[in-house]
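So the structure is just underneath, and the comments pick up after that.
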Amino acid sequence: MKSALEQLQEMTVIVADTGDASLVKQHKPQDCTTNPSLVLAALSADDAQGLIASEVATAKSRGMDVATLCRTLTVAIGANLTTLVPGRVSTEVDARLSFDVEGSIRQANEIVEDYANRGVGSDRILIKLASTWEGIRAAEQLQKAGIDCNLTLLFAMEQAKACADAGVFLISPFVGRITDWYKKTTGVEDYLPEEDPGVKSVRGIHEYYKSHGINTIVMGASFRNIDQIKSLAGCDRLTISPKLLAELGKDTNPVPRMLNELSASTEGNKTVLRESDFRWGMNQSAMATEKLSEGIRNFNADHQKLLGLLAQKI
């Protein structure tokens, strides 16, 4: 009997939410990702020590500062991952640039150039940006330049609509963090899959995109359990932690398709979202506003930890 993971792979592209090469080898996903949190975890992996030592040695010989080493190490880890997956590797722009359009574009181009110097073309990577208004505007310009983007920390329909307007390649709407917020706010201890606020959010975005003929890929992210994952079977992509990938690999229960492709029946009703409407919509959602800000702060906190650890090496 096929595992739940094998059943999912027949209808959804599976992405590994890890930068640990050994785990990518084990689970064999189509794509994978890096961010400061995942790079921090990768620093302790045994099979990453040679790569780290090589990057540190290069940084010392070229007189790099710690911020540049951080970026080049992240790219080095990503470049290694491209040899292990057939698809794309997402690489994140510094969270401190989440409200800086030009700074985000500049760093994105540096990342692309660094990958190119390592023999990895832009068709193998995605530039990962926070779904702020500024992050989306940066992605719009990068997409026009042929650099595909992954917009992360996405919690609201306004963010999804703005990303579609910008021609973003892929969005990562978060499931678990939305559910976490509602559990804490309402006091509800648990939700059935059909009632889960995070699951409902991604389903709504998926339906909006498909019914309007929007080509942007929807990749559900931030899962707390395999029931949330199964509830989005049929989504374009799902990025899943190694722990939950392992659980899905052991589960042999049937996994029916929950999300289907829809005909583009309402394309004429789609309007471009204005900045004022985007900001008002975000303001009206305490959950989206709080989780976006918290996510940026947490990514930056891990980035600062990473800088501290690398500073000790050079």
Would you pick out the residues in the range 88-116 that are of a type outside the set (Asp, Glu), touching a strand residue (DSSP E or B) at 6+ places or on another chain (Cβ under 6 Å) and open to solvent by 20 Å² or more (accessible area, probe 1.4 Å)? 88
I'm trying to understand the selection: among the residues of the range 9-22, which are closer than 27 Å to residue 77 by Cα and either of a type in the set (A, V, I, L, M, F, W, C) or in contact (Cβ under 8 Å) with a residue 24 or more places away in the chain (or both)? 12, 13, 14, 15, 16, 17, 18, 19, 20, 21, 22
Given the conditions (1) within 14 Å of the chain's Cα centre (by Cα); (2) open to solvent by 30 Å² or more (accessible area, probe 1.4 Å), and given that residue 213 satisfies all but one, which numbered condition is not satisfied? (1)
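Mind listing whichever residues of the range 144-163 are open to solvent by 40 Å² or more (accessible area, probe 1.4 Å), within 18 Å of residue 295 (Cα to Cα) and aliphatic (A, V, I, L, M)?
Let us first name the residues in the range 144-163 that are open to solvent by 40 Å² or more (accessible area, probe 1.4 Å), namely 144-146, 157-158, 161.
Among the residues that remain, those that are also within 18 Å of residue 295 (Cα to Cα) are: 157-158.
Result: 157, single match.
Residue by residue, here is whether (1) over 21 Å from residue 69 (Cα atoms); (2) open to solvent by 40 Å² or more (accessible area, probe 1.4 Å) holds:
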site	(1), (2)
86	yes, yes
118	no, yes
133	yes, no
139	yes, no
142	yes, no
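Can you tell me which residue is surrounded by the most Cβ atoms within 10 Å (Cβ to Cβ) among those in the range 164-187 that are in a helix (DSSP H, G or I) and without any contact (Cβ under 8 Å) to a residue 24 or more places away in the chain?
Looking at the filtered set, the residue picked out is 183.
Condition (residue is within 15 Å of the chain's Cα centre (by Cα) and among the small types (Gly, Ala, Ser)) applied to the range 140-150: is it met by at least one residue? Full working, then the answer.
First, the residues of the range 140-150 that are within 15 Å of the chain's Cα centre (by Cα): 148-150.
Still in the list and also among the small types (Gly, Ala, Ser): none.
The answer is no; no qualifying residue exists.
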Checking residue 47 against (1) within 26 Å of residue 142 (Cβ to Cβ); (2) of a type in the set (D, E, K, R); (3) free of Cβ contacts under 8 Å to residues at least 40 places away in the same chain, only one condition comes out false. Which one? (1)
Going through the range 176-193 one residue at a time, which ones are of a type in the set (D, E, K, R) and modelled with pLDDT under 95? 189, 190
Taking the criterion of being closer than 16 Å to residue 17 by Cβ, touching a residue at least 24 places away in the same chain (Cβ under 8 Å) and of a type in the set (Gly, Ala, Ser), would at least one residue in the range 204-218 satisfy it? no
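Can you say whether residue 218 is in contact with a His (Cβ under 8 Å, 6 or more places away or on another chain) and closer than 17 Å to residue 157 by Cβ, as far as the supplied structure shows?
Values: in contact with a His (Cβ under 8 Å, 6 or more places away or on another chain): yes; closer than 17 Å to residue 157 by Cβ: yes.
Yes; evaluated as a whole, the condition is true for this residue.
Results for (1) at pLDDT below 95; (2) open to solvent by 20 Å² or more (accessible area, probe 1.4 Å); (3) in a helix (DSSP H, G or I), shown as yes or no for each residue.
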site: 198; (1), (2), (3): no, no, yes
site: 202; (1), (2), (3): no, no, yes
site: 205; (1), (2), (3): no, no, yes
site: 229; (1), (2), (3): no, no, yes
site: 239; (1), (2), (3): no, no, no
site: 252; (1), (2), (3): no, yes, no
Looking only at the range 23-33, which residues are touching a residue at least 60 places away in the same chain (Cβ under 8 Å) and either out of contact with any strand residue (DSSP E or B) (no Cβ under 8 Å at 6 or more places or on another chain) or β-branched (Val, Ile, Thr) (or both)? 24, 26, 33
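The values are calculated or read from the model by the stated rules, or taken from the named source; none is laboratory data. Small disclaimer: the values here were computed from a predicted structure and weren't measured. All Cβ positions, even for glycine, are placed from backbone atoms using ideal geometry, and neighbour counts span all protein chains on display. These accessible areas exclude ligands, DNA and RNA; they are computed on the full protein's heavy atoms, side chains included. Shrake-Rupley method; radii C 1.70, N 1.55, O 1.52, S 1.80 Å.
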